[in-house]
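These notes are about the structure you will find just below.
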Amino acid sequence: MIIPNHGLIDEQNTHTQYHQFIRIQRAKHLIQFTDDSIDAIAEKMGYPNIHAFSRAFKTVDGIPPSFYRN
């Protein structure tokens, strides 16, 4: 996991990792509070495809985005 789920940032994390963490937090909000498809959310978050989004989501949060919605 890049950044702990509790959101604390330490100096070992790069700017890119922090940016990815923020994008996934925004995506989690959309998954939880909208009926948008995971594909649509991936596109809104700027990922080139669902596979890249799912991989990033799982890296940050430890579970795939489809599990987060359930």
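The values are calculated or read from the model by the stated rules, or taken from the named source; none is laboratory data. Everything numeric in this text was worked out from a predicted model, so none of it was measured. Cβ atoms come from the backbone with ideal geometry, glycine included; neighbour counts cover every protein chain shown.
Which pairs have Cβ atoms under 8 Å, sit 6 or more apart or on different chains, and link a residue in the range 49-70 that is under 14 Å from His29 (Cα atoms) to one that is exposed (fewer than 15 other Cβ atoms within 10 Å of the Cβ) and of a type outside the set (Lys, Arg)?
Close Cβ pairs (under 8 Å, with a partner that is exposed (fewer than 15 other Cβ atoms within 10 Å of the Cβ) and of a type outside the set (Lys, Arg)) amount to Phe57/Ile63; Phe57/Pro64; Asp61/Met1; Asp61/Asn5; Tyr68/Gln32; Arg69/Gln32.
Any idea which residue in the range 35-60 is surrounded by the most Cβ atoms within 10 Å (Cβ to Cβ), counting only those that are among the β-branched types (Val, Ile, Thr) and at pLDDT 95 or above?
Here is the first cut: in the range 35-60, the residues among the β-branched types (Val, Ile, Thr) are 38, 41, 50, 59-60.
Going one step further and asking which of them are at pLDDT 95 or above, we end up with 38, 41, 50.
Numbers: Ile38: 19, Ile41: 22, Ile50: 18.
In this case the residue turns out to be Ile41.
Within the range 5-26, which residues are over 17 Å from Tyr68 (Cβ atoms), modelled with pLDDT under 75 and not aliphatic (A, V, I, L, M)? Full working, then the answer.
Going through the range 5-26, the residues over 17 Å from Tyr68 (Cβ atoms) turn out to be 8-19.
After this cut, where a residue has to be modelled with pLDDT under 75 as well, the list is 8-13.
Selection gives Asp10, Glu11, Gln12, Asn13.
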